[in-house]
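Report on the following structure.
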Amino acid sequence: MPEKILYETLDAVSSMGFLKKEIPDSIKINLNPKFKIRTYQTEAFARFLHCYKNEFPNKQLPLHFLFNMATGSGKTLIMTGLILYLYERGYRNFLFFVNSLNIIDKTKDNFFNPLSIKYLFNNVITIDNRRIQIASVNNFEGINPNDINICFTTIQKLHSDLTTERENSITYEDFRKHKIILLSDESHHMNVSTKTGMELFESWENTVQNIFYMNRDNILLEFTATHDFATPEMVNKYQNKVIFRYDLPDFRNDRFSKDVTLVYSDFDLDERIIQTLILSQYKQEVAAKHRINLKPVILFKAQRTIAQSQENKANFHKIIAGFSGKEISKIRKSKIPIVQRAFQFFEENSVSDAQLAERIKREFREEFCLSVNNEKEKENYQILVNTLEDKSNRIRAIFAVQKLNEGWDVLNLFDIVRCYETRDSGKGKLGKTTISEAQLIGRGARYFPFVLPEIPDRFRRKFDNDLDNELRVIEELHYHSINDSRYITEIRQALVEQGIMDENEVTREMKLKESFKTKNLFKYGLIYSNKRIKKNYQKINSFADLGVTRRNFVHNIATGRGGTRTILDGTQQAAVVMEETRKDLPVNKIERNIIQSAIARNPFYTFQSIQRYFLNLKSINEFIDSENYLGSLEITFHGDIYNLDENKVEKLDAMLNLLDEIESEIRLLNTNEFEGSREFHHSRIHEVFKDKTLKFSKDTERGKDDPQLTNFVSSKDWYAFDTLYGTSEEKAFVRMLDRHIKKLEAQYEDIFLIRNEGHFSIYNFSDGQAFQPDFVLFLREINGQSITYQLFIEPKGLFLSEHDHWKEEFLKEITEEFGEKILKLEGDSKYRLIGVPFYNNEDENQFRASLESVLN
């Protein structure tokens, strides 16, 4: 049996809960806060920390790890976080190398330009209470030992510099004298010797290996989206080095990419271009309707030559010059559903064909179109092409032969037009052009992030369970081609092989029963939910208001006690015994200059910084003196307290430690700027719950057809929808409820269970995290007054319960706050809100007991 690759071992360690998922403060507080660390990125960090600190099979020094992560998954953010952590561990020198200058320029912008929308560091970097600067260096001689020093180079230049000595360039001596972190981006380019099985002494790979092994403390970190897991030599080399594998299928299935849709038609090229323009404008105006700032970009892809691309651009400008409503009206005959939805949208918003034509002409003027083919064009337009998402960037169309290569991480590409009709596949084998087209589509499928009031998750697709939602169109990348059945089959096959498309994907419809639509609950009933709101720091007037509850901090003073033992003769010298005592010292009794000095040494405690949390704070003096802040705290000195009153150094150390602990607690409590409102508002049930078209992989539990379950729920009057696509736990819950429905019917007049497929969210009180309970159960009783109970219910397997423990706590809080409170409306309508503990099939009796308890 072949030995497991390291990441497979770590998969098992993680699934069993043995992998700590805590992000160090050095990473957490120093990354740009707008880039929230995603679950899989937390996993990547956790695996590195585990392997860095602990033993694992065949661990060798110097350390060498590889992160195999999908294009667009944030490899550079992982790199940034590891730079911060390794700086904390004593590293100062970092070598970033890659095979492309374009990637270097983009990465420098991400690291050094705070005005860039993709800047990855926080505005102020603080590690060990010191402000840290980032420096771009040519070598590691004469550098500032307190800075993060990064040398950027291409692998070609690195190889050249090391084999031919040049002034001010990096040398082998740098790697011998200094411990260095080697950061290899797009590292699949670095393995020519291994893949060929030939020992090439002048190869890039050999150069990297030479400098890596010059210092036992060096660390080599590789990042790639396309690691080779098939070649035996590569498997052997990376057996104990690949610590994380998160490839394109994982990335797509976790909803972090756009969905790819093939749009093919019998139109000629000019008409396909016009159809694409209509869809592009449709996407922009749908986004604008929902206050999303989006400028969708189209890529016009030539087949082979720059001349073909230039011809495409000239033809495009000719189309735009003569563009009118007449050209748009010709496309109305299209039977493609997305095109028909676009025309429906324009009609509903009173946009005529002539008006639409004028908008398209205005948006796609020649100055808003770029050709990016030859080296001069690439150099001149590099900034424009790498900042397509910027509000000030007006570019709408790119013309190229090959542009979506490594390093171009545009997020607002929504259409790719294949400006040719030939195909190169044959004899049952996909051609190189088709494969490269699939890779192009994969690179273009990066998700355009946006938030909605009811769906705050910025970086994931939001409408897989609501394909009819008009915003779904800005979660899709459309690839436009001629309607050639053989080509469509081939490109689809290539996309499936790349992991960009799921061949087993199916759509399912879920409809409200007509019988339910006649019920008063559907017509007039209400559903209560809360809102996600910004934390209101106006109400914060003390540590306690913010959640900082500690009042006493312990500071240990070294006693100097110890002893010696002689191993060979067994003699032992007794330790010196000194009296050990404790002394409690209020902070307001410590000399003011000591407190001020401690505050000055920690950048977190600038007035501007702490006023972010305490808006009502008037001055640093108030922060020091007030009982609401430092004035209420106390330090317990433990150890040799002799002469403590005169020992200013020990008191300063104690104050520094106290401030560190308060900072950590504040940051931990306030990592999120949002909270869930404690006021629940009502909406009409018939406005919230609609028919849904859902998308699943038919290989998944939810995607499998279950006619027996469909027949079961469709026959139950108390179940609102005609079917259920759910997990085994969700299905088991519905069957359990059916077994106990008669008991509920004895007490309640109306009983309705409604499936929540993204119809509504509730938001965690503490951090505003969105939660969509799987079901909401309505029970109406009549005892002289009408009370409707609204119960939030979440079936959950035991293996997920711990991960989603916050949801169960939130449900408990809802019951504590609203279970006994009657929400009264005009007339006789009264509601109670109840959160029920998780349902689990293995502990069904406990759930029933909990349900009965909250209802009694």
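The values are calculated or read from the model by the stated rules, or taken from the named source; none is laboratory data. These numbers come from a predicted model, not from an experiment. Here the Cβ positions follow ideal geometry from the backbone for every residue, glycine too, while neighbour counts run over all protein chains shown. Heads up: the accessible areas ignore ligands, DNA and RNA and are worked out on the full protein's heavy atoms, side chains in. Shrake-Rupley method; radii C 1.70, N 1.55, O 1.52, S 1.80 Å.
Could we say that THR126 is touching a Ser or Thr at 6+ places or on another chain (Cβ under 7 Å), crowded, with 17+ Cβ neighbours inside 10 Å and among the hydroxyl-bearing types (Ser, Thr, Tyr) here? Give the derivation first.
On the way: touching a Ser or Thr at 6+ places or on another chain (Cβ under 7 Å): no; crowded, with 17+ Cβ neighbours inside 10 Å: yes; among the hydroxyl-bearing types (Ser, Thr, Tyr): yes.
The answer is no for THR126.
Mind listing whichever residues of the stretch 70-87 are under 18 Å from the mean Cα position of the chain (by Cα) and either open to solvent by 10 Å² or more (accessible area, probe 1.4 Å) or at pLDDT 95 or above (or both)?
Of the stretch 70-87, the ones under 18 Å from the mean Cα position of the chain (by Cα) are 70-82.
Those that are under 18 Å from the mean Cα position of the chain (by Cα) and either open to solvent by 10 Å² or more (accessible area, probe 1.4 Å) or at pLDDT 95 or above (or both): THR71, GLY72, GLY74, LYS75, THR76, LEU77, ILE78, MET79, THR80, GLY81, LEU82.
Out of PHE623, PHE680, PHE604, PHE674, I need the residue that is within 23 Å of ASP767 (Cα to Cα) and modelled with pLDDT of 90 or more. Which one? Let's see the steps before the verdict.
Values: PHE623 fails: within 23 Å of ASP767 (Cα to Cα); PHE604 fails: modelled with pLDDT of 90 or more; PHE674 fails: modelled with pLDDT of 90 or more.
Within the list PHE623, PHE680, PHE604, PHE674, the selection yields PHE680.
Where residues in the stretch 261-291 are part of a helix (DSSP H, G or I) and among the β-branched types (Val, Ile, Thr), which of them is nearest to PRO453 (Cα to Cα)?
Start the filter on the stretch 261-291 by keeping residues that are part of a helix (DSSP H, G or I), which leaves 269-289.
From what's left, among the β-branched types (Val, Ile, Thr): 273-274, 276, 278, 286.
Values: ILE273: 35, ILE274: 34, THR276: 30, ILE278: 28, VAL286: 16 Å.
Among residues in the stretch 261-291 that are part of a helix (DSSP H, G or I) and among the β-branched types (Val, Ile, Thr), the one nearest to PRO453 (Cα to Cα) is VAL286.
Just name the residue that is surrounded by the fewest Cβ atoms within 10 Å (Cβ to Cβ) out of those in the stretch 104-123 that are of a type in the set (Val, Ile, Thr) and modelled with pLDDT of 85 or more. If you could, list the steps in order and put the result at the bottom.
From the stretch 104-123, those of a type in the set (Val, Ile, Thr) are 104, 107, 117; that's our starting set.
Of the ones still in play, those that are also modelled with pLDDT of 85 or more are 104, 107.
On the way: ILE104: 19, THR107: 22.
Of everything passing the filter in the stretch 104-123, ILE104 is surrounded by the fewest Cβ atoms within 10 Å (Cβ to Cβ).
Looking only at the stretch 1-10, filter to residues that are touching a residue at least 60 places away in the same chain (Cβ under 8 Å) and in a helix (DSSP H, G or I); which one of those is surrounded by the fewest Cβ atoms within 10 Å (Cβ to Cβ)?
TYR7
Criterion first (under 27 Å from the mean Cα position of the chain (by Cα) and crowded, with 18+ Cβ neighbours inside 10 Å) does ILE762 satisfy it? Show your work before the answer.
Working: under 27 Å from the mean Cα position of the chain (by Cα): yes; crowded, with 18+ Cβ neighbours inside 10 Å: yes.
Spelling it out, ILE762 is indeed under 27 Å from the mean Cα position of the chain (by Cα) and crowded, with 18+ Cβ neighbours inside 10 Å.
Condition check: modelled with pLDDT under 95, within 19 Å of ASP415 (Cβ to Cβ) and surrounded by fewer than 17 Cβ atoms within 10 Å (Cβ to Cβ). Does ASN483 satisfy that?
yes
Any residue in the stretch 360-380 that is of a type in the set (Gly, Ala, Ser) and either at pLDDT 95 or above or open to solvent by less than 40 Å² (accessible area, probe 1.4 Å) (or both)?
Kept after step one, since they are of a type in the set (Gly, Ala, Ser), are these residues of the stretch 360-380: 371.
Filter once more, so that each one left must be either at pLDDT 95 or above or open to solvent by less than 40 Å² (accessible area, probe 1.4 Å) (or both): 371.
Among the residues of the stretch 360-380, at least one is of a type in the set (Gly, Ala, Ser) and either at pLDDT 95 or above or open to solvent by less than 40 Å² (accessible area, probe 1.4 Å) (or both), which makes the answer yes.
Show me the strands (runs of 3 or more DSSP E) entirely contained within the stretch 598-709 in which 3 or more residues are among the aliphatic types (A, V, I, L, M).
Values: elements: 634-639, 674-676, 681-684, 692-697.
It comes to none.
When the stretch 446-458 is examined, which residues are found to be open to solvent by 10 Å² or more (accessible area, probe 1.4 Å) and modelled with pLDDT of 90 or more?
ARG446, TYR447, PHE448, PRO449
Report every pair of residues separated by at least 6 positions or lying on different chains whose Cβ atoms are under 6 Å apart, first residue within the stretch 542-557 and over 16 Å from GLU627 (Cβ atoms), second modelled with pLDDT under 85 and assigned to a loop (DSSP other than H, G, I, E, B).
Going by the 6 Å Cβ cut-off, the qualifying pairs are ILE557/ASP640.
ILE27 - would you say it is free of Cβ contacts under 8 Å to residues at least 60 places away in the same chain, surrounded by 15 or more Cβ atoms within 10 Å (Cβ to Cβ) and under 14 Å from the mean Cα position of the chain (by Cα)? Please lay out each step first, then the result.
Details: free of Cβ contacts under 8 Å to residues at least 60 places away in the same chain: yes; surrounded by 15 or more Cβ atoms within 10 Å (Cβ to Cβ): yes; under 14 Å from the mean Cα position of the chain (by Cα): no.
Considered against the rule, which asks whether it is free of Cβ contacts under 8 Å to residues at least 60 places away in the same chain, surrounded by 15 or more Cβ atoms within 10 Å (Cβ to Cβ) and under 14 Å from the mean Cα position of the chain (by Cα), ILE27 comes out as no.
When you check ALA287 against the structure, is it open to solvent by 30 Å² or more (accessible area, probe 1.4 Å) and aliphatic (A, V, I, L, M), yes or no? Full working, then the answer.
Values: open to solvent by 30 Å² or more (accessible area, probe 1.4 Å): no; aliphatic (A, V, I, L, M): yes.
Considered against the rule, which asks whether it is open to solvent by 30 Å² or more (accessible area, probe 1.4 Å) and aliphatic (A, V, I, L, M), ALA287 comes out as no.
Can we say ASP466 is open to solvent by 10 Å² or more (accessible area, probe 1.4 Å), acidic (Asp, Glu), touching an Asp or Glu at 6+ places or on another chain (Cβ under 8 Å) and under 20 Å from LYS289 (Cα atoms)? Walk me through it before giving the result.
Details: open to solvent by 10 Å² or more (accessible area, probe 1.4 Å): yes; acidic (Asp, Glu): yes; touching an Asp or Glu at 6+ places or on another chain (Cβ under 8 Å): yes; under 20 Å from LYS289 (Cα atoms): yes.
Yes: the conditions hold for ASP466.
Can you name the number of the only condition in (1) at pLDDT 85 or above; (2) out of contact with any Lys or Arg (no Cβ under 7 Å at 6 or more places or on another chain); (3) aromatic (Phe, Trp, Tyr) that PHE838 fails?
With (1) at pLDDT 85 or above; (2) out of contact with any Lys or Arg (no Cβ under 7 Å at 6 or more places or on another chain); (3) aromatic (Phe, Trp, Tyr) applied to PHE838, the lone miss is (2).
Can you tell me which residue within the stretch 88-103, out of those that are over 29 Å from THR606 (Cβ atoms) and among the aromatic types (Phe, Trp, Tyr), is surrounded by the fewest Cβ atoms within 10 Å (Cβ to Cβ)?
Selected residue: PHE96.
Taking the stretch 11-24, which residues are within 21 Å of the chain's Cα centre (by Cα) and not in a loop (DSSP other than H, G, I, E, B)?
Listed by number, the residues that qualify are ASP11, SER14, SER15.
I'm checking my understanding of the structure. Among residues of the stretch 213-260 that are basic (Lys, Arg) and not in a strand (DSSP E or B), which one is surrounded by the fewest Cβ atoms within 10 Å (Cβ to Cβ)? Please lay out each step first, then the result.
Filtering the stretch 213-260 for residues basic (Lys, Arg) gives 216, 237, 241, 245, 252, 255, 258.
So of that shortlist, the ones also not in a strand (DSSP E or B) come out as 216, 237, 241, 252, 255, 258.
Values: ARG216: 9, LYS237: 19, LYS241: 19, ARG252: 24, ARG255: 17, LYS258: 24.
This residue is ARG216.
State whether the residues of the stretch 632-649 include one that is basic (Lys, Arg) and either surrounded by 17 or more Cβ atoms within 10 Å (Cβ to Cβ) or closer than 29 Å to ASP767 by Cβ (or both). Lay out the reasoning, then the answer.
Applying the first criterion (basic (Lys, Arg)) to the stretch 632-649 yields 648.
Still in the list and also either surrounded by 17 or more Cβ atoms within 10 Å (Cβ to Cβ) or closer than 29 Å to ASP767 by Cβ (or both): none.
No - not one qualifying residue is present in the stretch 632-649.
Looking at GLN239, GLN209, which is the one that is without any contact (Cβ under 8 Å) to a residue 24 or more places away in the chain and more than 27 Å from TYR479 (Cβ to Cβ)?
Of GLN239, GLN209, the one residue that is without any contact (Cβ under 8 Å) to a residue 24 or more places away in the chain and more than 27 Å from TYR479 (Cβ to Cβ) is GLN209.
Against the definition (open to solvent by less than 50 Å² (accessible area, probe 1.4 Å) and either under 29 Å from THR518 (Cβ atoms) or at pLDDT 90 or above (or both)), how does PHE810 come out, yes or no?
Numbers: open to solvent by less than 50 Å² (accessible area, probe 1.4 Å): yes; either under 29 Å from THR518 (Cβ atoms) or at pLDDT 90 or above (or both): yes.
Criteria met by PHE810.
Which is open to solvent by less than 30 Å² (accessible area, probe 1.4 Å), more than 30 Å from LEU652 (Cα to Cα), within 27 Å of the chain's Cα centre (by Cα) and of a type in the set (A, V, I, L, M, F, W, C), of ILE488, ILE474, ILE533? Explain how you work it out, then say what you get.
Values: ILE488 fails: within 27 Å of the chain's Cα centre (by Cα); ILE533 fails: open to solvent by less than 30 Å² (accessible area, probe 1.4 Å).
Exactly one residue qualifies, and that residue is ILE474.
How do the pairs read when you match residues in the stretch 40-52 that are open to solvent by 20 Å² or more (accessible area, probe 1.4 Å) with residues anywhere that are in a helix (DSSP H, G or I), using Cβ under 8 Å and keeping only pairs 6 or more apart or on different chains?
Close Cβ pairs satisfying both conditions: GLU43/SER14; HIS50/LEU10; HIS50/VAL13.
So which residues in the stretch 711-747 are open to solvent by 10 Å² or more (accessible area, probe 1.4 Å) and assigned to a loop (DSSP other than H, G, I, E, B), if there are any at all?
Passing the criteria: SER715, LYS716, ASP717, TRP718, ASP722, TYR725, THR727, HIS740, ALA746, GLN747.
Hey, among GLU22, GLU55, which residue is more than 27 Å from VAL235 (Cα to Cα), open to solvent by 30 Å² or more (accessible area, probe 1.4 Å) and either touching a strand residue (DSSP E or B) at 6+ places or on another chain (Cβ under 7 Å) or not β-branched (Val, Ile, Thr) (or both)?
GLU22
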